[in-house]
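Data first, discussion second: the structure below is written as structure tokens.
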Amino acid sequence: MFIEEALGEVLLSGAFVMPQIYNLPGTSNNIDIKGIIDKLVKVESKRIDTYKIEKDHLNKKKSALVELNNKLKSLDEAAKNLYGFRSPFEDKVAVSSDEDVLTATAARVAVPSEINIKVLQLAQNERIVSDPVPDDKILKSLPIHINVGKKDVEVDFEGGTISELADSINKQAKDYLIAKIAKNTENSSVLILETKNTGEKYRLSVNDNSSLELFKKIGLFYERKGFSIQTGFTADKFTPITPGNRHVVKDGVLLLNPGSKVYYNFDESIPIKDSIYVSVKIRVKDLALKEQKVFEWPELSGIGKVKIKDIEIEGGKPLSTIKEKEVKESQKPVIDNGVLAVDLDGKLQKKIIPDLSEEFKEYKFKITDLIQSRPSIDKIVFLNDNTNREVEIKDLKVIDTEAGGGISPKHIVQQPKNSIIDVDGIRVERDSNEIKDVIKGVTLDLKNTSKDPIHLQVDRDYEKITKKIVELIEKYNDVLKYINENTKISATGRLTEKNKAGIFSGDMTVSGIKTKLQLIMMNPYPTDRGRNLNLLAQIGISMGKTGSSWNEIKGGYLQVDEDKFIDAFKRFPDEIKQLFGSDTNNDMVIDNGVAYSLDKTLKGYTHPQTGIITYRIKNTDNEIKDQDKKIDDWNQHLDDYRKELERKFTVMQEALHELDSNKRSIENFNKQLGGK
């Protein structure tokens, strides 16, 4: 009966095909037991196919939900970038008319403005060089102290060559100093030492005696003899340049008549460096023009009428006239405040002295303001190129502002300097080429000096603002497109085939997302301009131009008219900022606006713990796990089912074997009975 039932089940399933014949061990029956079992198991396994189809659908649904969640997160991030502290509406940009001279960056607090800046001098660090030192010379071990401005920098030098000294400085004082070695001959080198920071306040000096002894030996520092020239003028110090003796020296005062030029000869050479200052007292005196006396010629006229015996006789006219001498108009006087100069190979380089007056005033300036192209000078030129002014000069002083004596670098390659700029006519001096405190919210980065002013424009960063707006609309359109494609139903055009439905077809949650997003983008929001500016369409963000066809707008996608947006933003920056995020109850918290509303709505869907889409992804994950369990359980059932079939077939075959054995026994018994 068991064999008949099993064969009947296979035949009814339509899976039975006459197989090859296999026998189980211990049987001689021509029955394909293994084939029967395989077919029975295959019929039983059809339920797994159903589970797998359901799991595949759930996996596709999960993937679609994950992608939708990611797109919503991207839209949320773009919305967050348009309100609150991330908002770009206050971002500024600074544009220089010549970036080879200066560049600038502007912070949000910068005020839109236009500034003219002239770079007069760049800041630079100090660089000094030692005497040549033999490469094999061993310097003794000691703790070295070098002053960088007011900072005492210590280097623990363990002794060694000049190269090893440079290595020690670079390792231990890298925040303040840079040391380099340059080979000046095959067997000797010089140490180049420079400060990392620019500016006069970071000047190098040495106060420690042990360190000074070492630096003297290598010729990096020396004991300077200070000097100061302070003199009253005497005639023997001057050499006239113009022909004729047109200058006078009296009581320590030099008087220069118009057109006069003289050399003043110093007793010693004056080094050209920033620490040397020139001080001098100067005054000018206008020469009064001598009044020209105009001769008044007598008026010559006729002798009039004479009456003789009732007869009037007209007198005669003058025999001649005397012409008045014409007075020539005087020429316009020349005014020239360049009363100090240096002689550069026959060409005078003047120093213009401002605000010269009839009273003696003291003028003080760096020697480097007069000349920089020479290491030193031994004379100076005083001149008067005025036509109607006398120039008087006295109390010339040349002073080294460094200590009157003391320690100084022996070979200065580059003097430390501050940067100097002119900002709309105001002189500004700083110790760095990066200047942050002159224009509010603007950092200047000086590159080169300039003859002409550089125009700097600080304005809102319209490019960045527009980019953020466009990014929001792109993310919005991307979400709508994804929802549209995955909720639509497409007809196949064949009666025998079902219509093709998107993965979210009929999904009210997903359809609801689209509806909410569209309402947010179309709704009005409060601004200071009221109805005149409360919609995105009023600033160039809409589904299309007026008169667009249904096919053009049915998808609900938005477009940005960038020109219209920028024009609106230039006129109403505060109101457009309010349109995307505003504080309506003055509690210092954003509570309204397009971007705020998007962010608040999208968080309800994408929040990692409480978001609706997040929950659905987790729920779908659980459903997939349930399908996996069903598949695993049914596979286990199939294994058990196969074993049970094999057991039953084995029992059956043993029974058949026993029957066959009994049959032969009966037949043998009958033969024995018949034989009798």
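The numbers here are math on the coordinates, done by the rules we state, and not lab data. Owing to the predicted nature of the structure, the values given are computational and were not obtained by experimental measurement. Methodologically, a virtual Cβ is constructed for each residue, glycine included, from the backbone with ideal geometry; neighbour enumeration extends over all protein chains shown.
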Quiz item: Long-range amide H contacts for S582: which residues qualify at under 5 Å (H placed 1.01 Å from N, peptide plane, sequence gap of 5 or more or a different chain)?
Solution: D591, N592, G593
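Could you calculate the FRET efficiency of Q230 with S376 from 1/(1 + (r/R0)^6), where r is the beta carbon distance between them and R0 is 22 Å, rounded to 0.05?
On the way: r = 19 Å, r/R0 = 0.85.
That gives a FRET efficiency of 0.75.
Expressed in nm to one decimal, what extension gain is obtained for the pair E562 and V66 from 0.36 nm per residue of sequence separation less their Cα-Cα distance? The partial results should precede the final answer.
Details: separation 496, 0.36 × 496 = 178.56 nm, distance 3.25 nm.
Extending this stretch completely gives an extra 175.3 nm.
Below 8 Å, C-alpha to C-alpha, sequence gap of six or more: please give me the relative contact order for segment 89-166 in percent.
On the way: 68 pairs, mean separation 15.4, N = 78.
Relative contact order here is 20 percent.
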Self-check item: Cleavage-rule hits (trypsin sites (Lys or Arg not before Pro)) in segment 111-181: DSSP loop, at most 15 neighbouring Cβ within 10 angstrom
Solution: K137, K140, K150, K174
Quiz item: Label L142 and E54 with points 7 Å out from Cα along Cα→Cβ: what is the distance between them in nm?
Solution: 9.1 nm
Self-check item: ³J(HN,Hα), Karplus 6.51/-1.76/1.60, whole Hz, each residue of segment 371-387, x for Gly, Pro
Solution: 7, 10, 7, 10, x, 7, 9, 10, 7, 9, 10, 10, 8, 9, 9, 7, 9
Exercise. Take each of the peptides 265-272, 59-66, average the number of other beta-carbon atoms within 10 Å over its residues, and list them starting from the highest.
Key: 59-66, 265-272
Quiz item: Among the lysines, which have Cα under 29 Å from the Cα of K671 when same-chain residues fewer than 8 positions away are ignored?
Solution: K663
Quiz item: Whose amide H sits under 5 Å from the amide H of S542, counting only residues 5 or more places off or on another chain, with H placed in the peptide plane?
Solution: Q559, D561
Quiz item: Tally Lys and Arg at +1 and Asp and Glu at -1 over the other residues with C-beta under 12 Å from the C-beta of E390: what net charge comes out?
Solution: +1
